[in-house]
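Below is one structure; the comments refer to it alone.
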Amino acid sequence: MALAFPFDPLKRSEQVEVQVTKDNKRLYYRFRPAPYYGGIATADAVGCSFLCAYCWNYNRNLNPERFKEFCTPQQVADKLCRIADKKSYGLFRISGAEPVLGERTFFHLMEVLKLIQRKKPGSLFILETNGFYLGFRTDLLTGFKEFPNLRVRVCLKGVDEESFEKITGAEKDFYRFPIVALRELEGLGVKAWPALMGDLFDREDISRLERFLRKSGIR
Ligand code: SF4
C-alpha cells in the first residue's frame, strides 16, 4: 500500500481492515507460547493503524496482504487454549498488530474473548492496543464490560503530538484518541493502564506526560 507520511490513521485503519479480514476471520501468521508476563499464549496478527518506527513487526504491518492464514475466532481460541494447556498458562493475548482496526476486527476480538472466557474462566486476556480506534469509537467500549477477565494495556506512542507523529507516522491531530480511550475505560470500570516505550524519552518528558494524564483523569 503506497503511504505518504504523515498519514490519516483512520483511513489507514479502514484500508488495512479490508486487507486483514474476511467475513468474521482475521489474518494471523503465528501462534506461540511467549515468555512475557511470566508466560502467555500469544496469537500474532498482522495489520495496524500506525506504522511505528520501532515496530518489531514493521514489514509485516507495511504489507499485511501477503499473509494468507485467515482464522475464525473459534480457531484462534482453540489454538491459544491448546498452547495454554501445554504450558500451564493462564494468560492470553493478541500481539504483533493492532487488535482493533474497525468494527469487523472489534467483533472478531469480542468473539475470541467470549470463547476464551468460556473455555478458561479463571484466565486473563491482556488486550495490547494502541488505543486509536477504541478512542475514536468509544461507543464500542461498553462491550468490554462483559469480560471481567479483560485487562487493557494502551500503548501511548509519544509524550506529545510531535513525538506521536514522528514515531507512528500518523498525523499529530490524532494523538488524543488513545487518551480518550483510557479515560472512557476508566469511567466504565474496565481495568486499563497506559504504557510508554520509556527508553525513547527523558525523565522530564515522562513526568510531563504523567501530569497530563492525571489532569485528564487517568491514573
Ligand atoms: S502500534 Fe504497535 S503494532 Fe502498530 S505499528 Fe506501532 S508498535 Fe507496531
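Using alpha carbon centroids, what distance separates region 133-176 and region 1-57, in Å?
14 Å
Exposure proxy check: 23, 205, 199 ranked by fewest other beta carbons within 10 Å?
With the sparsest Cβ surroundings first, the list reads 199, 23, 205.
How big is the charge dipole of region 1-126 about its Cα centre, in debye rounded to the nearest 20, if each Lys and Arg gets +1 on its Cβ and each Asp and Glu gets -1 on its Cβ?
For this selection, approximately 520 debye.
Over 29 Å between C-alpha atoms is what I'm after, so list which of 87/157; 25/145; 157/215; 119/157; 120/215 land there.
Those over the limit are 87/157; 119/157; 120/215.
Can you tell which of 81, 47, 57 lies farthest toward the positive end of the dipole of region 1-145, using +1 and -1 charges on the Cβ of basic and acidic side chains (Lys, Arg; Asp, Glu)?
The one lying farthest along the dipole's positive direction is 81.
Give the order of 105, 138 when sorted by the count of other beta carbons within 10 angstrom, beginning with the fewest.
Ascending number of Cβ neighbours within 10 Å: 138, 105.
To the nearest 0.05, how large is the calculated FRET efficiency for residue 68 and residue 205 if R₀ is 35 Å and r is the Cβ-Cβ distance?
0.25
In which sequence would 109, 10 go, from the one with the fewest C-beta neighbours within 10 Å to the one with the most?
Going from least to most buried by this count: 10, 109.
In the chain, which cysteines lack any other cysteine Cβ under 4.7 Å from their own?
48, 71, 81, 155
Any idea what the dipole of the chain comes to, in debye rounded to 20, about its Cα centre with Lys/Arg Cβ at +1 and Asp/Glu Cβ at -1?
Around 960 debye, computed over the chain.
What fraction, in whole percent, of alpha-carbon pairs in the chain exceed 28 Å separation?
Of all Cα-Cα distances in the chain, 26 percent exceed 28 Å.
Each value in this text was obtained by applying a stated rule to the coordinates, not by laboratory testing. What you see is a predicted model, and the numbers here were worked out from it, not measured in a lab. Using ideal geometry, Cβ is built from the backbone for each residue, glycine included, and neighbour counts are taken over all protein chains shown.
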